[in-house]
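For reference, the structure discussed in these notes is given below.
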Amino acid sequence: MHLFEHLADCFVAEGVDTCFALLGDANMNWATALAGRGVAMTYVRHEHCAVAAATAFARKSGRVGVATVTCGPGLTQVLTALPAAARARLPLVIFAGEAPLGAAWYNQAIDQAPFIAATGARYRALHHVPRMAEAIRDAFVEAKETRGPVVLGVPFDLQARQIAAPACLPRPSAEIMPRTGPIPPGSDDLDALLAEIDAARRVVIMAGLGAADADAAASCRDLGDRIGALMATTLPARGLFHGDAFSLGIAGGFSTALARSLFAQADLVLAFGCSLTQHNLDKGKLFPKARIVQIDTAPRAVSQGMVAAERHLRSDARLAAQALARRASPRQGWRSADLADAIATTPADTATFPAQPGLLDPRDVVSVLDKVLPMDWQMVNSSGHCSFFFAQMDRPWDRFLTIREFGAIGNGIAYAMGVAAARPGERIVLLDGDGSVLMHIQELETLRRHGLDILICVLNDGAYGSEIHKLRHEGLSDAGAVFGRTDLAAIARGFGIAGYRVDDLSALPGIVERFAARRGPMLIDVPVSDMVASPVIRRAHPDGHSGTEHPVAIEAFL
Ligand SMILES: Cc1ncc(C[n+]2csc(CCOP(=O)(O)OP(=O)(O)O)c2C)c(N)n1
Ligand SMILES: [Mg+2]
C-alpha cells in the first residue's frame, strides 16, 4: 500500500469520522484516502476556515477536531485559526503536508515549524516511516492532554512511498488515556471555605467551562438555592444556568446593567471552573467588594496578569458544589421575589439612543430573533461589536457557541460549519456582523455545495462597529471603518443561496419559517443603526456615542 493510505488508516483507527479540508499537492492523496474510508469531508474555500471549523467541531462534539491543509501557502493560511483554538484550549490534529524531502528545490517549501510554534500549537514533523502510526496516535494523545492543536507535517514524497501493509495499528489514544475519577475537595480546605461562605451575605456563584465539563451545573444550582446566591457564568459558559430565576447571565464585560450593579455589591464570589480572565472579571472592576474563591482542578496564583482569587479550592467543580451544598448553612441570602421579577423584566441594556430613520436598533433585532428562533436550534455567536447584543439571547449553554479567546473576526461561517458537522440534523443559526461575514464570504459557496442548514443573521451596521465608536470617541475620522451597507442578500443569491434583506422586523417570522421548511443555507441581512453603542464600548469610549444612560436602581434588593 501507499504510506498515505496507511496514514489515513491511522486517523480512522483514532475514531475520526469528520475532517475539514482544502487540498493541494501535499495532502490531497491522504485526504482522498480518508474520504474513501468513509470519513465525512467538508471541502472549504480557505484553509483558515478548515481549522476554524474543526475548532468549533471540537468544542461542540467534545472530540478532537481534524483538518487538513497542504504545505507552504496552505499552512501559512491557518495562522489566525490556530491561536484561537490554542487559547480556547481545544484539541485539534491538523494533517499538513511538507515539501518533498528529496527535492533539491521546491517553490512552496518554507520552514513550517516556527510558524506553528508562534501560534501556540505544536508542530510534529513525521519523517520516520516505521514510527508514523505511533506518532499519529501520540498526536491525538498530545492534543487531548494539552487541550490544544497539534500539527503534523508529512513530506509528500514520503507519503507516496509503497510500504508493506502493517499487521496491526497501535492501540488508539482513547484506550490508553488515563482514566481517573474526578478530584474531590480536601477536607481542611472545604472547612475553611464553608466558614467563609457562612459569614458572607451576598454570594455570587459563577461557573465557567470547567463547571460545564464537570457537569456541575445542577450541583451549583443546589448550592445557590441553599445559600441564596445569585448565579452567573463566564461568556463561553453563558446559558449554563438558563431558566434559573436568579441567574444574572454573563459575568464580565458583557454583563447586563442589572447584573453589573448587583455584582458591585457582592461580598463573595464562588468561581467554579473559571480561569478568571481579564474579560470575565472586567479587568478586576466587576466585583469591587468581593473576595473571589477559585474552585478548580488547577487553581492559579496569577491569571492573565491579575492576582484574581483570594482563596483556592483544588477540586472537581461538581464534587465541590455537592459538598458545599450539603454543609453550608441554609439561608435566603439576597434572593427575593422582587429581585426575581427585576431579573426577568429589566432589559439587558437600558440606555437610549437617537433613532436613525429607516434603520433598526440592533437590540430590537436580537429580541425579535430570540422570540422567533426555535429554542432547540444551535446559535453561533461571532466577534465584533454586535456580539454583545447577540450574547443577551435567552438560550441554554449547549445551544449557544462562543469561541473568542483570540478576539478574531471572520470565524463565524466556519464555526457554524463545525457545529453543523458536530450536530448533524440540527438547525444552526450564525449571528454575525457584516465585516466578519465579508472576511470569509467565499464560504457561502461551501455552505451551498454541502447543503448545510445554516441560517446566517447579520447585524449590518455598514461598518466595523468596534472601530467606529472608538474613533469617534477619539475625535478621529471613522472613514477607514465605514463601508456602507453592502447588499449581503444579493451576494448570498449570487452564491446560489437564499438571501433576504429585512427592514421591517415583522417579516422575520415568515422568513425563519421558510428556512425551517426547506433544506440548505439562508442569509438574512438586517440593516441596523450604527449609533447604538454597546455598554462595553460606552464604558471604554464614553464620548463616542450620543446615547443616554439610565442606571438600574438596586437599593431595594440589598
Ligand atoms: C482578524 C481580525 N481583524 C481585525 C480585527 C479588528 N476588529 C475587531 S471588531 C471589528 C469589526 C467587525 O465588524 P463587524 O463584523 O461588522 O461587526 P461590528 O463590530 O460592526 O458589529 C474589527 C475589524 C479583529 N478583531 N480580527
Ligand atoms: Mg459591522
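Quick one: divide the alpha-carbon radius of gyration of region 116-160 by 2.2 N^0.38 Å and tell me what you get.
Numbers: Rg = 11.0 Å, N = 45, 2.2 N^0.38 = 9.3 Å.
Normalised Cα radius of gyration, region 116-160: 1.18.
Obtain the nm distance between the two label points defined at Arg327 and Thr548 by a simple spin-label model: each point lies 7 Å from its Cα along the Cα-to-C-beta direction.
Distance between the two pseudo-spin positions: 5.4 nm.
In bins 10 Å wide, starting from 0, what share of all Cα pairs of region 1-73 does each bin hold, as a percent?
22, 54, 23, 1
At what distance in angstrom do the alpha carbon centres of region 521-558 and region 185-229 lie from each other?
Cα centroid of region 521-558 versus Cα centroid of region 185-229: 32 Å apart.
With each pseudo-label sitting 7 Å past Cα toward Cβ, what's the Arg449-Asp198 distance in nm, one decimal?
Between Arg449 and Asp198, the simple spin-label model gives 6.6 nm.
Can you tell me how region 250-292 classifies by the Cα gyration tensor, rounded, prolate or oblate, using a/c under 1.5 as the rounded cut?
On the way: a/c = 1.57, a/b = 1.11, b/c = 1.42.
Oblate, since a/c reaches 1.5 and b/c is not below a/b.
Mind checking the per residue accessible area of the chain for me, 1.4 Å probe, whole number of Å²? Spell out each step's value before the answer.
Details: 21850 Å² over 558 residues.
Here the per-residue accessible area is 39 Å².
Where both residues lie in region 454-540, what percent of DSSP beta bridges are antiparallel, nearest 5? Please report the intermediate quantities before stating the final value.
Values: 1 of 11 bridges.
Here the antiparallel bridges make up roughly 10 percent for region 454-540.
Starting from region 452-558, pick out the GluC sites (Glu not before Pro) whose DSSP state is loop and whose Cβ has at most 15 other Cβ atoms within 10 Å. Don't skip to the end; give the middle numbers.
Values: sites: Glu467, Glu474, Glu513, Glu549, Glu555; in loops: Glu474, Glu549.
Sparse-neighbourhood loop GluC sites (Glu not before Pro): Glu474, Glu549.
Given an 8 Å cut-off on Cα distances and at least 6 residues of separation, report the relative contact order of region 431-558 as a percent. Mind dumping the intermediate values first?
Working: 185 pairs, mean separation 40.4, N = 128.
After rounding, I find 32 percent.
Restricting the count to DSSP beta bridges whose residues both fall in the chain, what percent are antiparallel, rounded to a multiple of 5?
Percentage antiparallel, nearest 5: 5.
Two decimals is fine: what is log10 I(q)/I(0) at q = 0.11 Å⁻¹ for region 153-277, from a Debye sum with one equal scatterer on every Cα and no solvent?
-0.52
Work out how much length Lys283 to Trp105 would gain on full extension: take 0.36 nm times their residue separation and subtract the Cα-Cα distance, in nm to one decimal.
59.0 nm
I'd like the projected area of region 440-545, averaged over all directions, using the convex hull of its alpha carbons. Report it in nm² with one decimal.
Working: hull surface 30.0 nm².
Averaged projected area of region 440-545's Cα convex hull equals 7.5 nm².
Between region 42-101 and region 360-387, how far is it from one alpha carbon centroid to the other, in angstrom?
Centre-to-centre distance over Cα atoms comes out at 27 Å.
Please report, as a whole percent, how much of the solvent-accessible surface of region 464-558 comes from carbon and sulfur atoms (probe radius 1.4 Å).
Accessible surface attributable to carbon and sulfur in region 464-558 totals 55 percent.
Express the relative contact order of the chain as a whole percentage, based on alpha carbon pairs under 8 Å and six or more residues apart in sequence. Provide the component values of the computation, followed by the final result.
Details: 1215 pairs, mean separation 74.1, N = 558.
It comes to 13 percent, rounded to a whole number.
Only loop residues by DSSP count here, and only those with at most 16 other Cβ atoms within 10 Å; note down the chymotrypsin sites (Phe, Trp or Tyr not before Pro) in region 477-539 that meet that. If you can, show how the numbers build up before the last one.
Numbers: sites: Phe483, Phe495, Tyr500, Phe515; in loops: Phe483, Phe495.
Here the chymotrypsin sites (Phe, Trp or Tyr not before Pro) that fit, given the DSSP loop and packing criteria, are Phe483.
Add -39500 (n - 2.57) for each DSSP H run of 4 or more in the chain, then divide by its residues: what number comes out at 222 nm, to the nearest 500 deg cm²/dmol?
Computed ellipticity for the chain at 222 nm equals -10000 deg cm²/dmol.
Please find the FRET efficiency linking Asp213 to Val482, where r is the Cβ-Cβ separation and R0 is fixed at 51 Å, and quote it to the nearest 0.05. Walk me through the numbers on the way to the answer.
Numbers: r = 42 Å, r/R0 = 0.81.
The computed FRET efficiency comes out at 0.75.
Could you check the simple spin-label distance between Ala264 and Asp341, using points 7 Å along Cα→Cβ, in nm with one decimal?
Output for this residue pair reads 2.4 nm.
How much of the accessible area of region 206-266, in percent, comes from carbon and sulfur atoms when a 1.4 Å probe is used? Walk me through the numbers on the way to the answer.
Working: 730 of 1480 Å².
Heavy-atom surface of region 206-266 belonging to carbon and sulfur, 1.4 Å probe: 49 percent.
Once you order the gyration tensor axes a ≥ b ≥ c over the Cα atoms, which shape class does region 292-429 get: rounded for a/c under 1.5, otherwise prolate or oblate by comparing a/b with b/c?
Prolate, because a/c is 1.5 or more and a/b exceeds b/c.
Taking the alpha-carbon set of region 386-493, what are its Rg and Dmax in Å?
15.0, 49
With every atom except the alpha carbons ignored, what do you get for Rg and Dmax of region 64-183, in angstroms?
Radius of gyration, then largest Cα-Cα span, for region 64-183: 15.3, 54 Å.
Using only alpha carbon pairs under 8 Å that are at least six residues apart, calculate the relative contact order of region 240-309 and give it in whole percent. Each step should come with its number before you reach the end.
Numbers: 90 pairs, mean separation 20.7, N = 70.
Rounded, it is 30 percent for region 240-309.
Could you compute Rg(Cα) / (2.2 N^0.38 Å) for region 221-310, with N its residue count? Mind dumping the intermediate values first?
Numbers: Rg = 12.2 Å, N = 90, 2.2 N^0.38 = 12.2 Å.
That ratio works out to 1.00.
With a sphere of radius 15 Å drawn around the Cβ of Gln112, what net charge do the other residues whose Cβ falls strictly inside it have (Lys, Arg +1; Asp, Glu -1)? Mind dumping the intermediate values first?
Values: positive: Arg122, Arg124; negative: Asp25, Glu47, Glu98, Asp111.
Net charge in that neighbourhood comes out at -2.
Given the peptides 11-17, 379-385, arrange them by the average over their residues of other C-beta atoms within 10 Å, most packed first. Don't skip to the answer; put the middle values down first.
On the way: 11-17: 18.4, 379-385: 25.9.
Going from most to least packed, we get 379-385, 11-17.
Per the Kirkwood definition applied to all pairs of different Cα atoms, how many angstroms is the hydrodynamic radius of region 1-152? Write down the numbers at each step before the final one.
Numbers: mean 1/r = 0.0668 Å⁻¹.
When all Cα pairs of region 1-152 are included, the Kirkwood radius is 15.0 Å.
How about region 481-558: which trypsin sites (Lys or Arg not before Pro) there lie in a loop by DSSP and see at most 15 other Cβ atoms within 10 Å? List each step's numbers first, then the result.
On the way: sites: Arg485, Arg493, Arg501, Arg514, Arg518, Arg519, Arg538, Arg539; in loops: Arg485, Arg518, Arg519.
Filter output for region 481-558: Arg518, Arg519.
Quote to one decimal, in nm, the extra length available between Cys168 and Met1 on full extension: 0.36 nm per residue of separation minus the C-alpha distance between them. If you can, show how the numbers build up before the last one.
Numbers: separation 167, 0.36 × 167 = 60.12 nm, distance 1.39 nm.
Result: 58.7 nm gained on full extension.
Using packing as a proxy for protection, rank 123-132, 172-181 so that the peptide with the highest average count of other Cβ atoms within 10 Å comes first. Show your work: numbers first, answer last.
On the way: 123-132: 15.1, 172-181: 11.4.
Taking the mean over residues of other Cβ atoms within 10 Å, the ranking is 123-132, 172-181.
Rg/Rh for the chain: what does it come to with C-alpha atoms and Rh from Kirkwood? Provide the component values of the computation, followed by the final result.
Numbers: Rg = 24.7 Å, Rh = 24.9 Å.
Radius of gyration over Kirkwood radius for the chain works out to 0.99.
The values are calculated or read from the model by the stated rules, or taken from the named source; none is laboratory data. Quick caveat: nothing in here was measured; it's all calculated off a predicted structure. Glycine also receives a Cβ, built like all others from the backbone with ideal geometry; neighbour counts cover every protein chain displayed. These accessible areas exclude ligands, DNA and RNA; they are computed on the full protein's heavy atoms, side chains included. Shrake-Rupley method; radii C 1.70, N 1.55, O 1.52, S 1.80 Å.
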